[in-house]
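A short write-up of the structure that comes next.
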Amino acid sequence: MNAQQTTIHKGLEGIIVDRTAIAKVEGAIGRLSYRGIDIKELTAAHSFVDCVWLVLFGSLPSTEQARALDDFLVRSMAPTDSEQRILAALPRSKHPMEILQGLTPLIDRRFADAPALPVESTELAEGLVIAARLAGILAAWQHLRHGESLPVPDRTLGFQANFLLLFSGRRPTVQALATLQVTQILQMEHGFNASTFAARVATSTLAPVQAVLSAAIGTLSGPLHGGADEAALQMALEIGAPANAADYVRQCLAQKRRIMGMGHREYKTVDPRARILKPMAERLCSGSTHETLFKTLVAVEEAVQQAMAQRGRKIHANVEFYKGAVMNALGIPSDFFTSMFAIGRVYGYLAHFLEQRADNRLIRPQAQYVGPDPASAAQPE
Ligand code: COA
């Protein structure tokens, strides 16, 4: 092929590499749905565990099915003794995303019988154990890095309430639990985003589920992807007050630096997840010590939009922009934000693992070679 005529699809923008029935991302109108149900409806009327079932199995669960899944996750979440020993041996400076990515393949994946779950594949059951355990490991890391002992799960509470119990050591308030559920539902699934695509590439090689999840979690950690949540909050704290926002944005754009939490490859209007998270952040922050933080974020969003409009461009807040303010109000430290994203998104990865496996072909694109040509072989005399 003539190199000059080759079209390079940098960043794979606009390239359709497969079909999916899991999430529909409608970038032009700012709508996101899982298995045909709008996230607005899911966050208003359904639990996190309902949505896990929906994303994995295609329809909402019965009360009995939701209870069975919740119970399975609660029974699977506490780190084993050997996992706790591994955690205790690690330097406390390790980022929670390194902990999740590194420990995923090492998790003890044995599972107790779960007859009410339609998990025909052992790997899915193992994947669900990993998903639940990652939440327990994250909570354990929060305690271990402060030299504290680990609380134990309370079998009378659901999975998400148990996560907050394990993380903070206290039974969560109704408001804290509702906030966590909404945030984690919003982060569960998003089509062929970078980390899910990494999961599908790994799945396509027939790598085992633990390798697939580890590859995806590592990909999520980058600041252009999941890592933007931590970066957006750090930025708002650095700016300090709404009055400083416009100057900060001007400097950033002049230096060609990105404003974290703004812009999206798919959404050409407001990210539908930000539409839900912004009023939630406002409610949680107003009248509290976090109010200035929220107002600073609003001022940054406005300043970016104005600056971009002057360049004839539109740019909107994405899911990461206000999520940090919500997490912060929940008492989650900022270096845990992306790992919170990971323990919500892991169910989306599992759904893609199943979908890819059901109709698999090795994912193997090409690159245009632009290096030096090989030295021509010596001609025989
Ligand atoms: N701050 C400043 N400029 C931005 C920007 C941001 N957050 N997002 C996009 N732009 C600008 C780019 O500088 C680029 O300008 P140029 O054409 O003059 O070089 C243009 O918009 C297109 O950017 P590009 O990176 O090609 O778009 P993309 O579709 O590949 O990028 C993101 C999407 C998400 C990577 C990008 O918007 C970004 O870096 N955002 C910040 C990180 C973030 O929030 N990530 C979480 C996503 S959910």
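Here are the numbers:
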quantity: Computed [θ] at 222 nm, deg cm²/dmol, the chain (DSSP H ≥ 4; -39,500 (n - 2.57); rounded to nearest 500); calculated: -17000 deg cm²/dmol
quantity: Probe 1.4 Å, accessible area per residue of segment 54-160, Å²; calculated: 46 Å²
quantity: Within a Gaussian network of the chain (alpha carbon springs, distance under 10 Å), most fluctuating of Leu87, Leu117, Leu12; calculated: Leu12
quantity: Where labels lie 7 Å past Cα in the beta-carbon direction, separation of Arg313 and Asp154 in nm; calculated: 4.9 nm
quantity: Gyration tensor (alpha-carbon) shape descriptor, segment 1-112, a/c threshold 1.5; calculated: oblate
quantity: Shape of segment 30-181, Cα gyration tensor, a/c cut at 1.5; calculated: prolate
quantity: Hydrodynamic radius by Kirkwood, which averages 1/r over all alpha carbon pairs of the chain, in angstrom; calculated: 22.0 Å
quantity: Accessible area of the chain belonging to carbon and sulfur atoms, whole % at 1.4 Å probe; calculated: 51 percent
quantity: Rounded accessible area per residue of segment 261-346, 1.4 Å, Å²; calculated: 39 Å²
quantity: Cα shape, segment 30-95, gyration tensor, a/c 1.5 rule; calculated: oblate
quantity: Residue of Ser195, Ser47, Ser288 that the Gaussian network model of the chain assigns the largest fluctuation, springs spanning Cα pairs under 10 Å; calculated: Ser288
quantity: Of Gly222, Gly147, Gly11, the one that fluctuates the most in a GNM where the chain has Cα springs shorter than 10 Å; calculated: Gly11
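The values are calculated or read from the model by the stated rules, or taken from the named source; none is laboratory data. Just so we're clear, the structure is a prediction, and the values are computed from it rather than from any experiment. Using ideal geometry, Cβ is built from the backbone for each residue, glycine included, and neighbour counts are taken over all protein chains shown. Calculation scope for accessible area: heavy atoms of the full protein, side chains included, ligands and nucleic acids excluded. Shrake-Rupley method; radii C 1.70, N 1.55, O 1.52, S 1.80 Å.
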